[in-house]
1. Out of the DSSP beta bridges found with both residues in the stretch 274-363, what percent are antiparallel (nearest 5)?
2. Hey, which of these cross-link pairs are over 23 Å Cα-Cα: 244/267; 84/244; 78/244; 173/235?
3. Taking square-rooted eigenvalues a ≥ b ≥ c of the alpha carbon gyration tensor, is the chain rounded, prolate or oblate, where a/c under 1.5 means rounded and, failing that, a/b exceeding b/c means prolate?
4. For the stretch 174-309, what proportion of DSSP beta bridges, expressed in % and rounded to the nearest 5, is antiparallel?
5. Each label point is 7 Å from the Cα along the Cα-to-Cβ direction; what then is the distance between the points at residue 221 and residue 256, in nm?
6. Can you list residues from other chains, or at least 5 along the same chain, whose modelled amide H is less than 5 Å from the amide H of residue 284?
7. Let me make sure I get this right: for the stretch 236-295, a, b and c are the square roots of the gyration tensor eigenvalues over alpha carbons, sorted descending. Under 1.5 in a/c it's rounded, otherwise prolate if a/b > b/c, else oblate. Which is it?
8. Once the piece of chain linking residue 171 and residue 92 is laid out straight, how much longer is it, given 0.36 nm per residue of separation minus the C-alpha distance between them?
Amino acid sequence: MSIDIGITGLPQSGKTTVFNALTGGRADTASHTTAGPTPHIGMAKVPEPRLTVLDEMLHPKKVVPVEARYIDIGASVKGLVQAKGIGGELLNQLSNADMLIGVIRAFVDESIPHPEGSLDINRDIATLNLELVFSDIAIIERRLERIETSLKGAKPPERQDLLREQEILMKLKASLEKDTPIRELPLDPSELRSVTNYQFLTAKPLLIVVNIGEDQLPQAKSLESELNSRYSDAKCRAITLCSKLEMELAQLENDAAQEFRAEFGIKESGLERTIKLSYELSGLISFFTIASNEVRAWSIKKGTTALKAAGKIHSDMEKGFIRAEGISFDDLVKCGSIAEARQQGRLRLEGKDYVIQDGDVITFLFNV
Ligand SMILES: Nc1nc2c(ncn2[C@@H]2O[C@H](COP(=O)(O)OP(=O)(O)O)[C@@H](O)[C@H]2O)c(=O)[nH]1
Ligand SMILES: [Mg+2]
């Protein structure tokens with residue numbers, strides 16, 4: 001599975017600049033300031049240093065990283081909620097994403113007007129959260145109305161289901177009305193199932209990307225800790241990103257970009273930090289496969305079993321699953337090759353219920 005990330009935020013906050021920084025894209029930041037008919041969609045290879053190590057150790061023909069898909073809907077959620085047509089379509093695209101990036105403007109530039117008339121990071125984060133909350137409440141209200149209608153003619157088994165759904169939705173609505181995002185609620189499995197079905201925006205992990213100017217880089221760290229003390233939860237974190245600079249660096253060769261970063265005192269690329277946090281917030285881990293001279297990275301949710309992980313690669317692998325042969329990345333590096341690991345008896349044989357660990361190097365054995 002690749003990760004699908006939706007970008008939203010106020011006009012002129014830097015959504016498209018962030019999108020370009022993360023995807024190495026060159027989408028136009030001048031136009032497209034209001035909800036355009038087509039969002040920007042771009043893919044980015046997920047940086048994975050362990051893949052580089054495996055490449056240097058095993059010299060495969062091909063190394064295949066995971067790709068992240070970014071979509072810049074070119075609008076904030078406000079206004080899209082009631083909209084049909086293009087607005088509704090854009091909102092759909094956001095609802096389909098695995099997680100959201102909310103871009104908040106911090107950079108100072110008199111020549112670029114702020115839609116609220118002034119710079120205020122906390123106000124804009126509150127607005128972002130309110131818009132997401134509002135969108136979810138609108139979905140719930142529409143569904144509750146339909147449930148009311150259906151209940152009129154419903155017979156027992158269906159009636160039970162409708163009442164249960166109504167109860168869950170009322171509970172979610174009550175929390176949302178207190179501005180509590182769904183992602184913060186403790187939910188039981190059946191509640192979680194309906195939440196997943198509805199693709200609520202406040203149920204998704206949220207990365208608040210505070211778009212700072214170059215001159216604000218010295219304060220980036222302290223701003224980040226201040227924001228995280230206020231806004232972070234298990235599925236929400238704030239990060240500062242100098243997106244205009246990162247967008248320019250994304251166009252350079254790696255070495256040149258590294259040199260520039262060093263000059264600015266930036267250790268890790270914005271892309272790397274952003275994707276790392278995105279994985280963390282989404283509960284994703286990586287495992288690796290080595291087959292037919294190809295080393296490949298895969299992303300799965302923490303807690304995925306060997307059987308389900310095999311199914312991500314190919315449905316035949318899940319259907320005909322026999323067992324998995326696995327070794328941790330660190331052990332493999334110590335051994336130097338799969339053959340050596342086998343000789344030393346370091347390859348583990350795992351059954352279908354084995355829970356894949358981050359960094360596992362796995363070979364699935366299966367019948368077709
Ligand atoms: N000075 C400055 N301008 C920026 C920065 N980030 C974005 N911009 C500019 O702000 C304008 C709006 O950016 P854009 O990415 O199009 O915002 P969007 O409307 O949210 O997609 C563009 O002219 C960008 O070049 C920054 O860090 N510093
Ligand atoms: Mg834009």
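Coordinate-derived values only; no laboratory data. The model shown is predicted, which means the values in this text are computed figures rather than measured ones. We place every Cβ from the backbone using ideal geometry, glycine too, and count neighbours over all the protein chains shown.
1. Working: 16 of 17 bridges.
In the stretch 274-363, DSSP labels about 95 percent of beta bridges as antiparallel.
2. Values: 244/267 17 Å; 84/244 33 Å; 78/244 25 Å; 173/235 19 Å.
Beyond 23 Å: 84/244; 78/244.
3. On the way: a/c = 2.20, a/b = 1.15, b/c = 1.91.
It is oblate, given that a/c is not under 1.5 and a/b is not larger than b/c.
4. On the way: 9 of 15 bridges.
That works out to approximately 60 percent antiparallel.
5. Taking the two extended label points, one gets 3.0 nm.
6. Residues meeting the criterion, in which the H sits 1.01 Å from N, are 302.
7. Working: a/c = 3.02, a/b = 1.36, b/c = 2.23.
Oblate shape, in that a/c is at least 1.5 and b/c is the bigger or equal ratio.
8. Numbers: separation 79, 0.36 × 79 = 28.44 nm, distance 2.35 nm.
Gain in length upon complete extension: 26.1 nm.
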